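Just so it is clear, none of the values below were taken in a lab; they were calculated from the coordinates. What you see is a predicted model, and the numbers here were worked out from it, not measured in a lab. Virtual Cβ from ideal backbone geometry, glycine too; neighbours counted across all protein chains shown.
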């Protein structure tokens, strides 16, 4: 079942309007309305990196996710070293829930490392599914057409030349990650149950 809330469209737009200045404030050097990505892959990567950073503020990880109060939030990026570099730049010197943020560009053989967030780049659904199964990550994010069917919690999509994202509540529940209703409100689509 897909949850679409047309009656909530004004509220969704209002929440998106709140999120856009937050994205712009990350130092992207772009006005808030510049998340239009029409054929601009560098801009698209920068926007997706900003979203990945913002997702941290809207996700609650399980209590046992951190060894102690000083354990950083770890983000791994597979298949997009440029995005890892941009995310590192965005997260530099910032804290999420009082924790530092570490970002690593990973290779497929590195996926057994525990991660709080994993981003799998690319449009290959079969590859994304294989990497998600191999990963030891809690909040998984993809950008392929079948990302949610592959088990990803969040999947980036382009709608009307803008970066948007879909969310699978079932995948979040399986990973014991709680997503804020504020994040769900600005999602393009929220899925619960079979797709």
Label-reachable residues, the range 124-153, where backbone N falls under 19 Å from a point 7 Å from residue 169's Cα toward its Cβ | 139-140, 148-153
Could you work out how far apart the two model spin labels at residue 67 and residue 145 are, taking each label as a point 7 Å from the Cα in the direction of the beta carbon, and quote it in nm?
-> 4.3
Please label the shape of the range 52-195 as rounded, prolate or oblate, based on the square roots a ≥ b ≥ c of the eigenvalues of the alpha-carbon gyration tensor (a/c under 1.5 means rounded; beyond that, a/b larger than b/c means prolate, else oblate).
-> rounded
Between the alpha carbon centres of the range 70-128 and the range 140-195 the gap in Å comes to 17
